[in-house]
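The values are calculated or read from the model by the stated rules, or taken from the named source; none is laboratory data. Just so it is clear, the structure is predicted and the values come from calculations on it, not from any experiment. So basically every Cβ, Gly included, is an ideal-geometry build from the backbone, and we count neighbours across all protein chains shown.
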Amino acid sequence: MSDPFSLSESEPEPASTPPSDALIAVGRILGAHGRDGEIRVRSTSDVPGRFEEGQVLILSKDGMIPEEETYRISISRTTVSKGNVELILALQGYHDRDLALKFAGYWLCVAQSEVPPAEEGEYFHYQLLGLKVRTQEGEELGTLAEILETGANDVYVVTGGEKELLVPAVGNVVCEIDIDAGLMVVDLPEGLR
C-alpha cells in the first residue's frame with residue numbers, strides 16, 4: 001500500500017487443511033484463462049512472493065468462510081489486461097477450464113493468524129474496515145466501508161452518514177486510529193463533505 005496507514009499481509013505457511021481462524025483476502029478470481037484450468041486473479045496484496053509457485057492459498061466464496069481444501073500454486077505469471085495487471089495462476093492438480101470458470105468471483109485468502117503484527121502507526125486493510133469514523137469535534141460520519149487504492153494514497157469510503165464520504169488516507173486528514181475502540185478520527189478539509 002502506498003499510504004502510511006495501511007499495509008498488506010504476510011506470507012502464508014503451507015497448510016494441508018484450512019485454518020479455523022479468520023481469513024484475509026489476498027486476491028479475487030476474475031475467471032478462467034485458456035483451456036488448461038488456469039485462473040485470472042486480481043491481487044489485493046503487495047507482499048512479495050505472495051503468489052509464487054509453491055505458495056498455498058485458501059479458497060473462499062465470500063472472503064470469510066473457507067472452502068474444504070487449500071490450493072498450492074503450480075504456475076504463476078503476470079499479464080496486462082485492459083491496462084490492469086493481472087495474475088495468471090495454475091493450481092496444483094486442477095487442469096479443468098470448467099472448474100476455473102466455477103471459481104470466478106471467489107476470493108483467495110490466507111489465515112489471519114499467519115499475518116504478523118503491523119508496525120506501530122501502520123494498519124492492515126482488514127483492521128480498518130468497519131471502523132466508526134468521526135470528526136475531531138465528535139460528529140459521527142459513518143463507517144469505513146471500503147478502501148480504494150488510487151496510487152498516490154488510499155482513499156477511505158465512509159458510508160452510513162448523511163452521504164458517502166471519500167476520505168484521503170493522509171496524515172493531515174486522518175488524526176487518530178484506535179483499532180481496539182473501533183474508531184477513526186478525521187479532520188476533514190473544506191470541500192470533502
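Among the residues of segment 80-94, just one is touching a helix residue (DSSP H, G or I) at 6+ places or on another chain (Cβ under 9 Å) and in a loop (DSSP other than H, G, I, E, B), namely Tyr94.
If the condition is being crowded, with 17+ Cβ neighbours inside 10 Å and either in a strand (DSSP E or B) or at positive phi (or both), then segment 42-55 contributes only Ser43. Taken as a whole, segment 82-102 holds at least one residue that is within 29 Å of Thr150 (Cα to Cα) and among the polar types (S, T, N, Q).
Of everything in segment 40-87 that is of a type in the set (A, V, I, L, M) and more than 18 Å from the chain's Cα centre (by Cα), the residue that is farthest from Gln112 (Cα to Cα) is Val80.
So that you can scan it fast, the table gives a plain yes or no per residue for (1) under 30 Å from Val158 (Cβ atoms); (2) without any contact (Cβ under 8 Å) to a residue 24 or more places away in the chain; (3) of a type in the set (D, E, K, R); (4) in contact with a His (Cβ under 6 Å, 6 or more places away or on another chain):
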position: Lys61; (1), (2), (3), (4): yes, no, yes, no
position: Met64; (1), (2), (3), (4): yes, no, no, no
position: Ser74; (1), (2), (3), (4): no, yes, no, no
position: Tyr123; (1), (2), (3), (4): yes, no, no, no
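Within segment 19-41, the set of residues being part of a loop (DSSP other than H, G, I, E, B) and either on the phi < 0 side of the Ramachandran plot or assigned by TED's automatic domain parsing to the domain that holds Ile147 (or both) comprises Pro19, Ser20, Asp21, Ala22, Arg35, Asp36. Can you name the residue in segment 133-166 that is more than 18 Å from Pro189 (Cα to Cα) and charged (D, E, K, R) and, of all such residues, is modelled with the highest pLDDT? Per the criteria, the residue is Glu146. May I ask you to verify whether Ser20 is touching a strand residue (DSSP E or B) at 6+ places or on another chain (Cβ under 9 Å) and either within 14 Å of Leu108 (Cβ to Cβ) or at pLDDT 90 or above (or both)? Against the criterion (touching a strand residue (DSSP E or B) at 6+ places or on another chain (Cβ under 9 Å) and either within 14 Å of Leu108 (Cβ to Cβ) or at pLDDT 90 or above (or both)), Ser20 does not qualify. If the condition is being closer than 13 Å to Gly27 by Cα and not aliphatic (A, V, I, L, M), then segment 56-70 contributes Ser60, Lys61, Asp62, Gly63. Among the residues making up segment 167-180, those that are farther than 19 Å from Glu190 by Cβ and part of a loop (DSSP other than H, G, I, E, B) are Ile179, Asp180.
Counting the residues of segment 172-181 that are exposed (fewer than 12 other Cβ atoms within 10 Å of the Cβ) and touching a residue at least 24 places away in the same chain (Cβ under 8 Å) gives 0.
The residues listed here are Leu129, Leu166; of these, the one that is without any contact (Cβ under 8 Å) to a residue 24 or more places away in the chain, surrounded by 12 or more Cβ atoms within 10 Å (Cβ to Cβ) and either touching a Leu at 6+ places or on another chain (Cβ under 8 Å) or acidic (Asp, Glu) (or both) is Leu129. For segment 108-121, a residue qualifies if it is in a loop (DSSP other than H, G, I, E, B) and either of a type in the set (Asp, Glu) or touching a residue at least 60 places away in the same chain (Cβ under 8 Å) (or both), and the qualifying residues are Val115, Pro116, Ala118, Glu119, Glu120, Gly121.
Looking only at residues of segment 56-68 that are of a type in the set (Asp, Glu) and surrounded by fewer than 14 Cβ atoms within 10 Å (Cβ to Cβ), we find that the one that is modelled with the highest pLDDT is Asp62.
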